[in-house]
Amino acid sequence: MSASPITTLALALLLGATTTLAQDRGLSDRGELLDGIAAVVNDGIVLKSELAEETRRIVQRLQAQGTAVPPERSLRPQVLERLIINRIQLQRAERVGIQVSDETLNNALTNIAERNNISITQLPQLLGKEGIDYQQYRREMRDQIIIEQLHQRDVVSRIAVTPKEIDEYLARQDGRAAANMEYEISQILVAISSTATPEAIAAAEQKVSGLQKQLAAGEDFAQLAIAYSDGQQALEGGSMGWKKGDELPTVFAEVVPGLQKGQVSEPIRSASGLHLVKLDDRRGGEPIIEQQAHVRHILITPNEVLDDDAAREKITAIRQRIVSGEDDFATAAKAVSDDPGSKVEGGDLGWAGPRSFAPEFQTVVDGIAENTISEPFRSRFGWHILEVLGRRTQDTTEDVKRQQAALAIRNSRMGEETEIWMQRLRDEAFVETRI
């Protein structure tokens, strides 16, 4: 029997998060041992109860997907490593001051509820039916958002893309059918540290060779990924999901289009290690037709001086002056908007498709009439008002190539850069496992 949508979604969301538990849980008031330590991570710990619970969830998800569950001796170390990595990331996020407000968390939970055709008030009850505690779910969802913001800060924002790279990228893609194709891929990564000794490199190569032999003998790729991969997607059977041809990781771009469905590549070397890549499926090549909106907005961001209520009052006053004719939208945007990218253009964001904006922003774009100033609304970035200047149906096949070239280059590097960044964090951390 397949899992319900909320079960699958809830389990998927919980996989990448760690439970925030009091670090003195190990002893009762009378000094009786209530739990054990699975790992010491810098100045924090991972409890054996956390490891057991996360392992239970992984097993439950694999069974729901119909994937064979690896032996516990293979699965438990993989689960523990994921918990360790998540704990290290959360510790770093705390050090650099990343916080997620209740409002941001509630917006994310509302989006999850809406995607499952329920209201946010129904979410706790539905999760309860699946055996998931709502308060724990909220804690783990907050941790996941924090980690995503940390990746944006430490990885994505530091991947520089030059105009020359964009031009060269487009020139390489010109005439290549693979650029418009989409590929569903999985990988097994055998990590090699930047400081690895020749002996460690030889051991990694031997491990990959052994995995190739197991695959040739008919063993399941997903099971081997769960048991042996060092990649972020190990516990998802190595699945990296669907990627457009121009968004494939750089090291895969020349290999994946030439694979047959179900075929596994020869080992691919990158800065993060050795990869075995499997092509699960392919699709696409059709023209890109999308509904676009021409949008402009004004953003007011809360800060140390301007709290959230004050920011809302400020954007409300700005809207009132524009609606009454006292002020012009473009002039006001240039003067007060906190969006540095659009304020110089009078708040103009240009023509954009439905996947261009944050969900809470897109909801307002979709629900407002043209040439009407929206009521103030909150997004993860702050308080906005917006105006839709026009709508159109557009064949964006060529436009998207240009508009998204920089994003594609950045995305192609993101997986490898994230792996390298995470390896560096792991290498720098003090970790002592006790299982």
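Observations on the model:
- Unmet requirement for SER356, which otherwise passes all of (1) modelled with pLDDT of 95 or more; (2) of a type in the set (Ser, Thr, Tyr); (3) within 30 Å of SER239 (Cα to Cα): (1)
- Pairs where the first residue, in the stretch 406-423, is outside the structural domain of GLN89 (by TED's automatic domain parsing) and the second is of a type in the set (D, E, K, R) and assigned to a helix (DSSP H, G or I), C-beta under 7 Å, 6+ apart: ALA408/ASP246; ALA408/GLU247; ILE409/GLU165; ASN411/GLU247; SER412/GLU247; TRP421/ASP154
- Looking only at the stretch 215-260, and only at residues there that are under 17 Å from the mean Cα position of the chain (by Cα) and part of a helix (DSSP H, G or I), the one that is surrounded by the fewest Cβ atoms within 10 Å (Cβ to Cβ): GLU247
- Residues of the stretch 53-69 classified as outside any helix (DSSP H, G or I) and in contact (Cβ under 8 Å) with a residue 40 or more places away in the chain, total: 2
- Looking only at the stretch 302-320, and only at residues there that are among the charged types (D, E, K, R) and surrounded by fewer than 13 Cβ atoms within 10 Å (Cβ to Cβ), the one that is farthest from ASN371 (Cα to Cα): GLU304
- Screening the candidates ILE373, ILE318 for the property of being β-branched (Val, Ile, Thr) and under 26 Å from GLU114 (Cβ atoms) yields one hit, ILE373.
- Count of the stretch 70-124 residues which are outside any helix (DSSP H, G or I) and either modelled with pLDDT of 90 or more or not β-branched (Val, Ile, Thr) (or both): 9
- The stretch 285-334: number of residues that are in contact (Cβ under 8 Å) with a residue 12 or more places away in the chain and closer than 20 Å to ASP348 by Cβ: 23
- Screening the stretch 195-205 for residues that are free of Cβ contacts under 8 Å to residues at least 24 places away in the same chain and surrounded by 11 or more Cβ atoms within 10 Å (Cβ to Cβ) and picking the one that is nearest to VAL59 (Cα to Cα) gives ALA203.
- Residue match in the stretch 262-277 (condition: farther than 30 Å from LEU80 by Cβ, of a type in the set (Lys, Arg) and touching a strand residue (DSSP E or B) at 6+ places or on another chain (Cβ under 9 Å)): no
- Taken over the stretch 352-374, the residue count meeting the criterion of being assigned to a helix (DSSP H, G or I) and either farther than 15 Å from GLY390 by Cα or in contact (Cβ under 8 Å) with a residue 12 or more places away in the chain (or both) is 7.
- The single residue among GLN144, GLN99, GLN136, GLN187 that is surrounded by 17 or more Cβ atoms within 10 Å (Cβ to Cβ) and out of contact with any Phe, Trp or Tyr (no Cβ under 9 Å at 6 or more places or on another chain) turns out to be GLN144.
- Residue count, the stretch 295-334 (criterion: modelled with pLDDT of 95 or more, assigned to a helix (DSSP H, G or I) and over 14 Å from SER379 (Cα atoms)): 16
- Test: residue in the stretch 409-416 that is outside any helix (DSSP H, G or I) and either among the charged types (D, E, K, R) or farther than 30 Å from LYS48 by Cβ (or both): no
- Checking each residue of the stretch 340-351 against the condition of being in a loop (DSSP other than H, G, I, E, B) and among the β-branched types (Val, Ile, Thr) gives at least one match.
The values are calculated or read from the model by the stated rules, or taken from the named source; none is laboratory data. Predicted, not measured: the structure shown is a model, and the values here were computed from it. Backbone-built Cβ (ideal geometry, glycine too); neighbour counts: all protein chains shown.
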